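Undergrad: Have a look at the structure that comes next, please.
The values are calculated or read from the model by the stated rules, or taken from the named source; none is laboratory data. Small disclaimer: the values here were computed from a predicted structure and weren't measured. So basically every Cβ, Gly included, is an ideal-geometry build from the backbone, and we count neighbours across all protein chains shown. These area figures cover heavy atoms from the full protein model, side chains too; ligands, DNA and RNA do not enter into them. Shrake-Rupley method; radii C 1.70, N 1.55, O 1.52, S 1.80 Å.
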Amino acid sequence: MRGGKGYPVAYDRNTGEALGDINASGRDGGTWALLSPDEKRFWSGPAEKNAAYQFDAQSRDHLASVANANYLILDAAHAYYVTDRRVVKTDFADQSVVWASPHAYPCALIKAGDTLFVGGDSEIAAFDDQGKRIWTAPVDGRAYGLAAANGHLFASTDRGRIHCFGNGKPISP
């Protein structure tokens, strides 16, 4: 469970019993926490210097970190993250970078199917599974919130606007 800028706290999902927080270095807090699909690792971030930290779910030992990761998402074999200057896909098996795209979309990140959607300043974009930017659209402000549902992409901005896209095209307000 995320803890704001505090430490992530683990709970037993069957009983609700608190299992304790994760405080490996005194700097392990963050505004989000993720459990890997195999439930062997979890991530928390962004913490000090905007880094995301990976931990072993059982021992709570620190395993890895990703500098400057604003947002991170996981699937069974990969981690995806955005920094202030790039969008990245990494492989869990060997911790290698599969691809890195030099585009600045630091504000939001989601994955729907095989498409990665990112939010930036006055623009949102979609990337295919090979790292190719396949679509962009303007938005009014910084796109801090993204959601995908029923074939549509919704983007909310810091200016209070909510944009809706279907088939890559804006849908009338």
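Undergrad: Looking at region 114-173, which trypsin sites (Lys or Arg not before Pro) are in a loop (DSSP not H, G, I, E or B) and have at most 12 other Cβ atoms within 10 Å?
TA: Answer in residue order: Lys132, Arg159.
Undergrad: When the accessible area of region 32-85 is split by element with a 1.4 Å probe, what percent falls to carbon and sulfur?
TA: Details: 1240 of 2640 Å².
C and S atoms contribute 47 percent here.
Undergrad: Give the relative contact order (percent, whole number) for the chain; include only Cα pairs under 8 Å separated by 6+ residues.
TA: On the way: 433 pairs, mean separation 16.5, N = 173.
Rounded, it is 10 percent for the chain.
Undergrad: Say the dipole of the chain comes from +1 at the beta carbon of Lys and Arg and -1 at that of Asp and Glu; which of Trp99, Cys164, Val118 then lies farthest toward its positive end?
TA: The one lying farthest along the dipole's positive direction is Cys164.
Undergrad: With every protein chain left in place and a probe of 1.4 Å, what is the accessible surface of Asp12, to the nearest 10 Å²?
TA: Spelled out: Asp12, probe radius 1.4 Å, area about 50 Å².
Undergrad: OK, next. For q = 0.16 Å⁻¹, what log10 I(q)/I(0) does the chain give under the Debye formula with an equal point scatterer on each alpha carbon and no solvent?
TA: Debye curve over Cα of the chain, log10 I(q)/I(0) at q = 0.16 Å⁻¹: -0.96.
Undergrad: For the chain, with every protein chain kept in place, what is the accessible area per residue (1.4 Å probe, Å²)?
TA: 55
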